[in-house]
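Undergrad: Below is one structure. I have some questions about it.
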Amino acid sequence: MGSALENYFRAANDPLICNPLLTTEIEVIVEQTFVKDTSRNDTFDVHSIYGIEQSVVDLSLRYRVHWYGFDSTSDTWEPIESFDKDMTDTLCRFHYRVYNHCHYC
(Lines give C-alpha, C1' and ligand atoms only; values in the text may rest on other atoms or scores of the structure.)
Protein backbone atom coordinates (compact mmCIF):
# COMPACT_ATOMS: atom_id res chain seq x y z
CA MET A 1 0.00 0.00 0.00
CA GLY A 2 1.46 3.35 -1.03
CA SER A 3 1.14 6.76 0.50
CA ALA A 4 -1.43 9.26 -0.77
CA LEU A 5 1.35 11.11 -2.59
CA GLU A 6 2.52 7.91 -4.31
CA ASN A 7 -1.06 7.16 -5.38
CA TYR A 8 -1.47 10.66 -6.83
CA PHE A 9 1.82 10.26 -8.70
CA ARG A 10 0.77 6.86 -10.08
CA ALA A 11 -2.62 8.25 -11.18
CA ALA A 12 -1.07 11.30 -12.80
CA ASN A 13 1.41 9.19 -14.76
CA ASP A 14 -1.11 6.78 -16.25
CA PRO A 15 -0.11 6.48 -19.94
CA LEU A 16 -3.75 6.42 -21.06
CA ILE A 17 -4.55 9.92 -19.79
CA CYS A 18 -3.42 13.46 -20.41
CA ASN A 19 -3.65 16.70 -18.44
CA PRO A 20 -4.87 15.24 -15.14
CA LEU A 21 -6.06 17.49 -12.33
CA LEU A 22 -5.83 15.67 -9.01
CA THR A 23 -6.33 17.50 -5.73
CA THR A 24 -8.26 17.09 -2.51
CA GLU A 25 -9.35 20.74 -2.89
CA ILE A 26 -11.85 19.64 -5.54
CA GLU A 27 -12.87 16.37 -3.86
CA VAL A 28 -16.59 15.71 -3.72
CA ILE A 29 -17.79 13.15 -1.19
CA VAL A 30 -20.53 10.98 -2.69
CA GLU A 31 -23.51 9.76 -0.72
CA GLN A 32 -25.30 6.51 -1.55
CA THR A 33 -24.52 6.11 -5.19
CA PHE A 34 -22.55 3.72 -7.33
CA VAL A 35 -20.70 3.02 -10.53
CA LYS A 36 -21.54 0.10 -12.76
CA ASP A 37 -18.96 -2.38 -13.97
CA THR A 38 -20.60 -3.33 -17.25
CA SER A 39 -18.07 -6.06 -17.95
CA ARG A 40 -19.24 -7.99 -14.89
CA ASN A 41 -22.72 -6.55 -14.27
CA ASP A 42 -21.61 -5.41 -10.81
CA THR A 43 -22.08 -2.16 -8.95
CA PHE A 44 -19.65 -0.51 -6.53
CA ASP A 45 -20.18 2.27 -4.01
CA VAL A 46 -18.29 5.49 -4.70
CA HIS A 47 -16.76 7.27 -1.71
CA SER A 48 -15.50 10.36 -3.52
CA ILE A 49 -14.41 11.91 -6.81
CA TYR A 50 -11.17 13.90 -6.65
CA GLY A 51 -9.71 14.12 -10.13
CA ILE A 52 -10.52 14.74 -13.76
CA GLU A 53 -8.54 14.04 -16.93
CA GLN A 54 -8.84 13.45 -20.62
CA SER A 55 -8.39 10.03 -22.20
CA VAL A 56 -5.71 9.84 -24.89
CA VAL A 57 -7.68 7.04 -26.55
CA ASP A 58 -10.95 8.84 -27.30
CA LEU A 59 -10.46 12.32 -25.72
CA SER A 60 -13.39 11.75 -23.34
CA LEU A 61 -13.32 12.93 -19.73
CA ARG A 62 -12.49 10.48 -16.95
CA TYR A 63 -13.05 10.95 -13.24
CA ARG A 64 -10.74 9.74 -10.48
CA VAL A 65 -12.88 7.66 -8.11
CA HIS A 66 -12.12 6.55 -4.58
CA TRP A 67 -14.18 3.45 -3.79
CA TYR A 68 -16.06 2.99 -0.52
CA GLY A 69 -14.44 0.27 1.57
CA PHE A 70 -11.17 0.22 -0.41
CA ASP A 71 -7.86 1.99 0.13
CA SER A 72 -6.53 4.54 -2.32
CA THR A 73 -4.46 1.98 -4.23
CA SER A 74 -7.76 0.75 -5.70
CA ASP A 75 -8.78 4.18 -7.05
CA THR A 76 -9.57 4.20 -10.77
CA TRP A 77 -10.27 6.53 -13.68
CA GLU A 78 -13.90 6.13 -14.76
CA PRO A 79 -15.75 7.43 -17.83
CA ILE A 80 -18.99 9.32 -17.31
CA GLU A 81 -20.94 6.43 -18.83
CA SER A 82 -20.06 4.29 -15.83
CA PHE A 83 -21.90 6.52 -13.38
CA ASP A 84 -25.51 6.04 -12.39
CA LYS A 85 -27.89 8.79 -13.57
CA ASP A 86 -28.50 9.69 -9.92
CA MET A 87 -24.95 11.06 -9.83
CA THR A 88 -25.69 13.98 -12.17
CA ASP A 89 -25.89 16.50 -9.31
CA THR A 90 -22.69 15.15 -7.79
CA LEU A 91 -20.83 15.44 -11.09
CA CYS A 92 -22.15 19.00 -11.53
CA ARG A 93 -20.88 19.90 -8.04
CA PHE A 94 -17.54 18.36 -8.92
CA HIS A 95 -17.27 20.37 -12.17
CA TYR A 96 -18.15 23.53 -10.26
CA ARG A 97 -15.31 22.84 -7.80
CA VAL A 98 -12.90 22.17 -10.68
CA TYR A 99 -13.91 25.45 -12.32
CA ASN A 100 -13.45 27.41 -9.08
CA HIS A 101 -10.13 25.71 -8.36
CA CYS A 102 -8.77 26.54 -11.83
CA HIS A 103 -10.29 30.01 -11.90
CA TYR A 104 -8.55 31.04 -8.67
CA CYS A 105 -5.18 29.36 -9.31
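The values are calculated or read from the model by the stated rules, or taken from the named source; none is laboratory data. In this text the structure is predicted, and so the values were computed from the model without any measurement. For neighbour counting, all protein chains shown are included, and Cβ atoms are generated from backbone atoms with ideal geometry for every residue, glycine included. The area values use the complete protein model at the heavy-atom level, side chains included, leaving out ligands, DNA and RNA. Shrake-Rupley method; radii C 1.70, N 1.55, O 1.52, S 1.80 Å.
Undergrad: Can you give the net charge of the other residues whose Cβ lies under 11 Å from the Cβ of V56, counting K and R as +1 and D and E as -1?
TA: Spelling it out: positives minus negatives among the neighbours equals -2.
Undergrad: Please list the non-local residues whose amide H lies under 5 Å from the amide H of V46, H modeled 1.01 Å from N, same-chain partners needing a gap of 5 or more.
TA: T33, F34, V35, Y68
Undergrad: Using a 1.4 Å probe, how large is the accessible area of E6, given in Å² and rounded to the nearest 10?
TA: 110
Undergrad: Provide the gained length on full extension for the span K85 to D71, in nm with one decimal, where the gain is 0.36 nm per separating residue minus the Cα-Cα distance.
TA: Gain on stretching K85 to D71: 2.5 nm.
Undergrad: Here is a follow-up. Could you compute the net charge surrounding P20? Neighbours are other residues with a C-beta less than 9 Å from the C-beta of P20; K and R count +1, D and E count -1.
TA: 0
Undergrad: Given the protein chains as shown and a 1.4 Å probe, how many square angstrom of D42 are accessible, to the nearest 10?
TA: We get 50 Å² for D42.
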